[in-house]
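J.: Starting off with a structure, shown below.
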Amino acid sequence: MTTNHELFERARLKLPGGVNSPVRAFKSVGGEPFFTARADGPYLWDVEGKRYIDYVGSWGPMIVGHNHPHVRAAVARAIDDGLSFGTPCPAEVTMAETVTRLVPSLEMVRMVNSGTEATMAAIRLARGFTGRNKIVKFEGCYHGHGDAFLVKAGSGALTFGVPTSPGVPAGLADLTLTLPYNDLAAAERLFEEAGSDIAGLIIEPVAGNMNCILPREGYLKALRDLCTRHGALLIFDEVMTGFRVALGGAQQHYGITPDLSTFGKIIGGGMPVGAYGGRRDVMSQIAPSGPIYQAGTLSGNPVAMAAGLAMLELIQAPGFYADIARRTNTLSDGFATIAAECGVPMTTNAICGMFGLFFTSEKVETFAQATACDTALFNRFFHGMLERGVYLAPSAFEAGFLSSAHDDAVIAQTLDTARDALRAALKG
Ligand code: PMP
């Protein structure tokens, strides 16, 4: 039998850090990653046959659990007809009709292959449409690895302490203005000073790349108003929140209409898919109907569209989100109760299908608070959970995800494990 360790040794010789995406390497929490052999429902099995309850869900796509038979069957049917055509195909049209129906702010949409592509295209479009160059983003938010976004970025960039990456030219980074999340006064000041240069403001409406931080009451609405007043486009990056916190994403949950939105993860059902869309007058500027260029050899791929459409069918089941929301609260309240029993300061944030644990006594609403938490204790807790068969995101700066396959029994088992793991972490 190949072991996790042997695979990691081999991987490290040929892949930078042994991985194809940084946070997977466990650098933040220490130790070595496991290699997944297969996945089903709420579980992963590593190559050594150990089973884990999975709260990463492929970093978001797996909202119906892993390897769902309905998605798998749709992919199998699509494969019978061929893998890629390079011409328009019917599934792309159905996909466009479906997402524009589920997310009403999308009057038009363009399919791409990842969240990164979606956000890069969205800011090019915002710049092209407004004729302005500056982009506003938030400290600790992550929008993929496009140059313009690797300025005070979250997720892996934050985890590894390189929030602004070498290789991003200073001249380009200067066009990205950053703001503290949930600080309205700072946003008002920035727009007062630079509003007429700002093409767009991009935000994770629920921040999931600096752990899980919810917007303060009225904050998103105030940003909407600021953008409108200054002629900047409001871009919701719903790569994580889209089809997760509600069927219509965070924009539905909070009742805000952005000008543009970006999607990824769930929309592809586990295949590499992203999308961006929004106002018809803005989207019409994209080639070939307009002059702003964006393209993709595999965009709208028939197999990926089939997986995504099958996923979008499943999440429209009555009660789907209410169930996940209830279980997310049970889990996050359960963590907090266990911490209190153990006498450890911990607060939690949660919204349907997403949660965050913070080893601190404060309610966490800002990037500064998130980064001030006890990450050493989180790392010990993470490893305690992993040893006992529960896989949390391998960094204190990533949100956790639930799926509809995480039923009450799985949640109860997770909480029992958490009690043991936390006690052990406190001794260590
Ligand atoms: N935006 C957000 C909010 C994300 O969470 C991510 C990935 N975690 C991205 C963009 C980038 O997506 P991808 O990894 O598919 O390029």
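The values are calculated or read from the model by the stated rules, or taken from the named source; none is laboratory data. This is a predicted model, so every value here is computed, not measured. Cβ placement follows ideal geometry from the backbone for every residue including glycine, while neighbour counts extend to all protein chains displayed.
J.: On the given criteria, is SER105 under 30 Å from GLU313 (Cα atoms), crowded, with 18+ Cβ neighbours inside 10 Å and either modelled with pLDDT of 95 or more or not charged (D, E, K, R) (or both)?
T.: Judged against the criteria, SER105 is a match.
J.: Filter region 12-36 down to the residues that are more than 16 Å from the ligand (Cβ to nearest atom) and in contact (Cβ under 8 Å) with a residue 12 or more places away in the chain and list them by number.
T.: Correct list: GLY18, PHE26, LYS27, VAL29, GLY30, GLY31, GLU32, PRO33, PHE34, PHE35.
J.: Let me ask something else. Report, ordered by the first and then the second residue, all pairs with beta carbons closer than 7 Å, sequence separation of six or more or different chains, a first member in region 313-325 that is more than 16 Å from VAL103 (Cβ to Cβ), and a second member that is part of a helix (DSSP H, G or I).
T.: Sorted first by the residue in region 313-325, then by its partner, the pairs are LEU314/HIS70.
J.: Hey, another quick one. Got a sec? Which of TYR254, TYR219 is over 26 Å from SER403 (Cβ atoms) and either among the hydroxyl-bearing types (Ser, Thr, Tyr) or within 16 Å of the ligand (Cβ to nearest atom) (or both)?
T.: TYR219
J.: When you scan region 1-77 for strands (runs of 3 or more DSSP E) that lie fully inside it, which ones turn up with 3 or more residues that are of a type in the set (Asp, Glu) and not assigned by TED's automatic domain parsing to the domain that holds TYR142?
T.: No strands (runs of 3 or more DSSP E) qualify here.
J.: Filter region 110-134 down to the residues that are assigned to a strand (DSSP E or B) and either free of Cβ contacts under 8 Å to residues at least 40 places away in the same chain or away from the ligand (no atom under 14 Å from the Cβ) (or both) and list them by number.
T.: ARG110, LYS134
J.: Go through ALA118, ALA73, ALA91 for me and flag whichever is of a type in the set (A, V, I, L, M) and touching a Pro at 6+ places or on another chain (Cβ under 9 Å).
T.: The unique qualifying residue is ALA91.
J.: Just checking, how many residues over region 228-251 are within 12 Å of the ligand (Cβ to nearest atom) and either in contact with a Leu (Cβ under 9 Å, 6 or more places away or on another chain) or under 22 Å from PHE129 (Cβ atoms) (or both)?
T.: 8
J.: Another question, then. Within region 78-100, how many residues turn out to be without any contact (Cβ under 8 Å) to a residue 60 or more places away in the chain and either touching a helix residue (DSSP H, G or I) at 6+ places or on another chain (Cβ under 9 Å) or assigned to a helix (DSSP H, G or I) (or both)?
T.: 5
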